[in-house]
Every structure is written in C-alpha cells, then in structure tokens.
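In what follows, a structure is listed as structure tokens, so that the remarks can point back to it.
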Protein chains: 2
Amino acid sequence: MISKSIIKYIQSLQHKKFRDEFNCFLAEGPKVVKELLSDNKFECLSIYALEIWIKTIDRTVFSHIEQVINVVEEHELSKISQQSTSNNVIAVFKKREDNFDIVVKNKFTIMLENIQDPGNMGTIIRTADWFGVKNIICSENTVDLYNNKVVQSTMASLGRVNVVYTNLANWLKSNHDVKVIATVLNGKPLNSISTFNEAIIMIGNEANGLSQELINISDEKISIPRVGMAESLNAGIATSIFLYELNRKR
Amino acid sequence: MISKSIIKYIQSLQHKKFRDEFNCFLAEGPKVVKELLSDNKFECLSIYALEIWIKTIDRTVFSHIEQVINVVEEHELSKISQQSTSNNVIAVFKKREDNFDIVVKNKFTIMLENIQDPGNMGTIIRTADWFGVKNIICSENTVDLYNNKVVQSTMASLGRVNVVYTNLANWLKSNHDVKVIATVLNGKPLNSISTFNEAIIMIGNEANGLSQELINISDEKISIPRVGMAESLNAGIATSIFLYELNRKR
C-alpha cells in the first residue's frame, strides 16, 4: 500500500522545484533502475515495485536495497508513473552534490547553452560518456539533468558524467586555459582543423544556436560541413560529430 | 467552424491505418507548415488556422493555398491538435507515391532496420539531408515516415529525402552492386577504413542493433570507436557519425 502522502511526494518529483527541495529524483522502468542500482553512483532512497520485478533482481547483489523496497500493486504504481504505460518499478534516488572541481587540461569538455529538449540532453550525456568526456557545463536555463525524460534517456551515463549548471560567460572568465570552440553554422570546416588534445566545445540552443556573447568569447568558430540541404543539425548530432572528430585526431 | 466529421477525420490521421487509407498526413505548427508549403514537394489538401496565422503568411507567395484555408477558433483547433499546447495551424498534406527508383552508385544510401523512436527517425532523415543522402530504405516495421512526431522533427527534409519501406534482405539481393556496411558494436573502427565513394550503411534498432540476417549479408562490419563507458550510441548519433566520416574521406 502506498499512502496518499507518498503518492503526492512522488508526483511532486516531476517538477524541478520539488526535486531541488527534496534533493532527489525519479527513475522509472526495469532497465534504468537496474543500471543506476548496479552503478551505485546515486544513493537509492526508495523503490516502489511490483512483485514481478522483485523476483527478477539478484538480492545478493542488491542487498543494500532490501530496506528501501516497497511492494505495490499495479493500480498503485500507475498512480505514480510518469509514463503512459506504467513500468514494473519506480525508484527515488538522491541527487549528487554539485562538483565544480573541473579539470579542463588534456580533456574535451562540453558546454551547453540553453538546451531545452530532454531527449537531446540525454543523448548528449550518453554520447559524451561514449567519448570519455568527464564534464558538461550547462547554462542555468538548460533543461534539468534530473528531469524524468533526461534520466530515462541517459541511463547509467548519468552517474559517469559530471553535469553542472552555472553562468557560462562568468565560468569561462576564470577557466579559460584551454581552447574554446564555438559550434556555429558559418565557421571553419571541422575536418580542416588541426589536432587538439584539449578543448571546451560550446553547443547552442536547438532553435537559436549559441548566443553572440559566447561566440565572442570563443577562440575558434567551427562548423560541420554541409553537403545537402537541411537547415540545421540537432544539438545532439552536432555534439557527437565534434566529439568523434576531435577524438579521431587526438 | 469545423464540422464533427472533419474533427474525426483529422483525429484519425494520428493513426497509420487512416493515413494509409486517406493517403495523407498532418503537419502542425507555423514552422513545419510554412516549410512544407514553401518547399512545395507535398500537395496541401487543407489548412485549419487561426486568423493570427493567416495574417503572418505571404498570400502572394502562397496563392496556391487560398482555396484550402479554413479559419478556425482556438477551441476548435485544440480539438484537432496533437500537441499539449495547440499551435496556430494544422495542415493536411497528400503523401507522395513510393519511389523505388533508387540509384546507389556513387552515393551513400541509408538502410534502417526496425527504428522505433519517431524522434530518432526524424533526426536521421534531417541528418541524411544535411549530408546529401537521397534515399533511406527502411524495414517494414520501422516507424512510419508520416507519424506526427516524425513530421514535426523532420521539417522540410521530409520532401528532400526519399524514404521507402520494404523487406531489406530481399531488396539487397537485387541491389547489391555497392559495398554494404553493417554498423555494429564490435567491428572495424570507422576511422581506420579506407575511402568510399558509395555505400549502403545499415543502422539497426535502438535496443537490439542489426539482425544477424542483415549482418550476414553485409560486406564490412564497422564500429564507432569508444573512448568512455556508455553501453551504446543512439541510432541517430551512429548514423550521423558514419555520414560525417564517409563524406570527410570521400
């Protein structure tokens, strides 16, 4: 049985305001919950699961979650589910402390300005994790890392990539000791640039690109060469092609 | 005023069955509708728009749509809207005829197996358009090109890239005159391959990758080198990195 107050609490975690207030976030569905539990980078505060899910998990491996599991009925789970067809399990995890101890030397670091789409954000974090990026620095108006859809599409990469939110221009003023690349539509072709061992790669908003303020701070303006006709590439695609090319040349 | 039968008709176009039956599809919102009208690759059958949208369009440029415009009230538009906040305009366009007249020589062609996510599908078509790909050949169980979410994220690239659905293995049997590349997790590193002038690039389902049947038909198995830890890259990201690299080397 889930009490009304628990239902209210879980539902409130759909909103950033309450995620911040309670310092936790939701993960829904067997795959993402299992990955976050295995990864063990986030403390699990509570789990609401059907009997059927509990049978699938290895209690010897996940002994640390015994105390936080609540068995619920399907109709109860559907009340707290964020998805159109509810899953077998929903878990509440504690958010991590912000970590501004960011090393940019000898690394590729991603900087996101005002990315709005949770799916794009999730894809960017996963792709960053694929290419070994350790830190993503976001403008304050970029979509929340702990947004449910971001969590669903990021999976275990959530624990492996450090994502922080700050004023980007101010942050760059005191951390400008590696090359800062602005990704734009009319810059130098990406394939023509020389080798980098380290860089901060700035990616702009889906509809408007990077702000002039950030472009002005950058050391180089670089574009992905266009062969065909499409007006733009989405932010996730642009990030991934930059990371591929920079790693290839490294 | 929109009649009840029109409302029912528009709502039915959310479903592939009725899009096939009526041979048309929906586009919603000022940006996508304007792009599809400007592009003029799809015949516009009807437009349902608020007065405010009609004021924004250039009637001299879009004279061909005069006869199909219906001015509606906000509460009417919200009834036929597919989105949580309804837009100023919804248009019905005629689907194009399937075009199997596909030239693979001297070109890069994309082949998609069982891609399910409409957002991924839209991103792949737009990215293909960016890199000048003319044809995408999909397995029959790949998400419908005219799915509302695919249309929203594809925009005008919808008219520039030819997308067809067929049995992939059968199709390859009679069109196997260029190299067929399977994108897999444990193949040759993409950056190590030699120059191609033409290829069919096969991309698999988000969760399961390519089927063994298609991998067996391929001439080369190629992977995107992984530096970090993420388990996989999404189908749109994989496609875009392949297209970038193949075009770079061309």
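Of the cross-linked pairs A:LYS79/A:LYS134; A:LYS149/B:LYS179; A:LYS134/B:LYS34; A:LYS188/B:LYS134; A:LYS31/A:LYS221; A:LYS31/A:LYS179, those separated by over 31 Å at the C-alpha level are A:LYS79/A:LYS134; A:LYS149/B:LYS179; A:LYS134/B:LYS34; A:LYS31/A:LYS221; A:LYS31/A:LYS179.
For A:ALA207 and A:ASN106, what is the calculated FRET efficiency with R₀ set at 51 Å and r taken between the beta-carbons, to the nearest 0.05?
In this case the efficiency is close to 0.90.
If R0 equals 30 Å, the separation of the Cβ atoms of B:HIS176 and A:MET229 corresponds to a calculated FRET efficiency of about 0.60. When only Cα pairs below 8 angstrom with a gap of at least 6 residues are kept, chain A shows a relative contact order of 20 percent. Less than 5 angstrom separates the built amide H of B:TYR165 from those of B:CYS138, all sequence-distant by 5 or more or on a different chain.
Over segment A:203-250, what percent of the accessible surface lies on carbon and sulfur atoms, probe 1.4 Å? Present the calculation step by step, with values, prior to reporting the outcome.
Values: 890 of 1940 Å².
Carbon-and-sulfur percentage of accessible area, whole number: 46.
Per residue of A:48-57, how many C-beta atoms from partner chains lie within 10 Å of its own C-beta, taken as a mean? Before the final figure, lay out each step's value.
Working: counts 0, 0, 0, 0, 0, 0, 0, 0, 0, 0.
For this peptide, the per-residue mean of nearby foreign Cβ atoms is 0.
Between rounded, prolate and oblate, where does the protein assembly as shown land on the alpha carbon gyration tensor, with a ≥ b ≥ c its root eigenvalues, rounded for a/c under 1.5, else prolate if a/b exceeds b/c?
Details: a/c = 1.37, a/b = 1.13, b/c = 1.22.
Taking the square roots of the gyration eigenvalues as a ≥ b ≥ c, the protein assembly as shown is rounded.
Of the peptides A:123-132, A:157-166, B:110-119, A:224-233, the ranking by mean beta-carbon count within 10 Å, highest at the top, reads A:123-132, B:110-119, A:157-166, A:224-233. For segment B:27-102 versus segment A:147-169, the spacing of their alpha-carbon centroids is 36 Å. Shown for B:ASN40: label points 7 Å from Cα along the beta-carbon vector, and their distances to the equivalent points in the other copies, 6.5 nm in ascending order.
Output the Kirkwood hydrodynamic radius of segment B:26-69, Cα pairs only, in Å rounded to one decimal. Please list the in-between numbers first.
On the way: mean 1/r = 0.0936 Å⁻¹.
One decimal place: 10.7 Å for the Kirkwood radius.
Scan segment B:1-93 for trypsin sites (Lys or Arg not before Pro) in coil per DSSP, keeping those whose Cβ has at most 15 other Cβ atoms within 10 Å, and list them by number. Please list the in-between numbers first.
Numbers: sites: B:LYS4, B:LYS8, B:LYS16, B:LYS17, B:ARG19, B:LYS31, B:LYS34, B:LYS41, B:LYS55, B:ARG59, B:LYS79; in loops: B:LYS41, B:ARG59.
For trypsin sites (Lys or Arg not before Pro) across segment B:1-93 that sit outside H, G, I, E and B with at most 15 neighbouring Cβ atoms in 10 Å, the list reads B:LYS41, B:ARG59.
The antiparallel fraction among DSSP beta bridges confined to the protein assembly as shown stands at about 30%.
All C-alpha pair distances within segment A:119-250, sorted into 5 Å bins from zero, spread as 2, 10, 20, 24, 23, 15, 6, 1 percent across the bins. With an a/c value of 1.5 or above and a/b not larger than b/c for the gyration tensor axes a ≥ b ≥ c computed over the alpha-carbon atoms, segment A:6-106 is described as oblate.
Convert 25 °C to kelvin, take the viscosity as 0.890 mPa s, use the Kirkwood radius over C-alpha pairs of segment A:125-174 as Rh, and evaluate the Stokes-Einstein diffusion coefficient in µm²/s, rounded to a whole number. Can you show the working numbers first?
Values: Rh = 11.5 Å.
Answer from the Stokes-Einstein relation: 213 µm²/s.
Looking at segment A:108-249 only, what percent of DSSP beta bridges run antiparallel? Nearest 5 please. Show your work: numbers first, answer last.
Working: 1 of 21 bridges.
Roughly 5 percent of the DSSP beta bridges within segment A:108-249 come out antiparallel.
Distances between copies of B:SER192, taken at a point 7 Å out from Cα along the Cα→Cβ vector and listed shortest first: 3.1 nm. Copy-to-copy label distances for B:PHE100, where each label lies 7 Å from Cα along Cα-to-Cβ, are 6.2 nm in order of increasing length. Note that segment A:41-49 has calculated 3J(HN,Hα) couplings of 8, 10, 5, 8, 8, 6, 10, 10, 9 Hz, one per residue in order, obtained from phi through the Karplus relation 6.51 cos²θ - 1.76 cosθ + 1.60 (θ = phi - 60°); glycine and proline are x. Over all other residues within a Cβ to Cβ distance under 15 Å of B:ILE2, the charged ones net out to -2, with Lys and Arg as +1 and Asp and Glu as -1. Rounded to the nearest 0.05, the FRET efficiency derived from the C-beta distance between B:HIS75 and A:GLU21 at R0 = 35 Å is 0.45.
The ellipsoid that matches the Cα gyration tensor of chain A has semi-axes, each √(5λ) in whole angstrom, of 38, 17, 17, with the longest given first. Put simply, the amide H of A:LYS188, placed in the peptide plane, has neighbours under 5 Å in A:LYS221, A:ILE222, A:SER223, leaving out anything fewer than 5 places away on its chain.
Just checking the output field for A:120-127: average partner chain Cβ neighbours within 10 Å of each residue's Cβ?
Numbers: counts 2, 0, 1, 7, 1, 1, 7, 8.
Averaged over the peptide's residues, the number is 3.
Sum -39500 (n - 2.57) across every DSSP H segment of at least 4 residues in chain A, then divide by the residue count to get the 222 nm mean residue ellipticity, nearest 500.
Details: 11 runs with 91 residues, N = 250.
After summing the helix terms and dividing by residue count, I get -10000 deg cm²/dmol.
State the antiparallel share, in %, of DSSP beta bridges confined to segment A:4-94, rounding to the nearest 5. Expressed as a percentage, antiparallel bridges in segment A:4-94 total about 75.
The values are calculated or read from the model by the stated rules, or taken from the named source; none is laboratory data. All of these numbers come straight from a predicted model, not from anything done at the bench. In this analysis, Cβ positions are derived from the backbone assuming ideal geometry, glycine residues included, and neighbour counts consider all displayed protein chains. Side chains included, ligands, DNA and RNA excluded: accessible areas come from the protein's heavy atoms. Shrake-Rupley method; radii C 1.70, N 1.55, O 1.52, S 1.80 Å.
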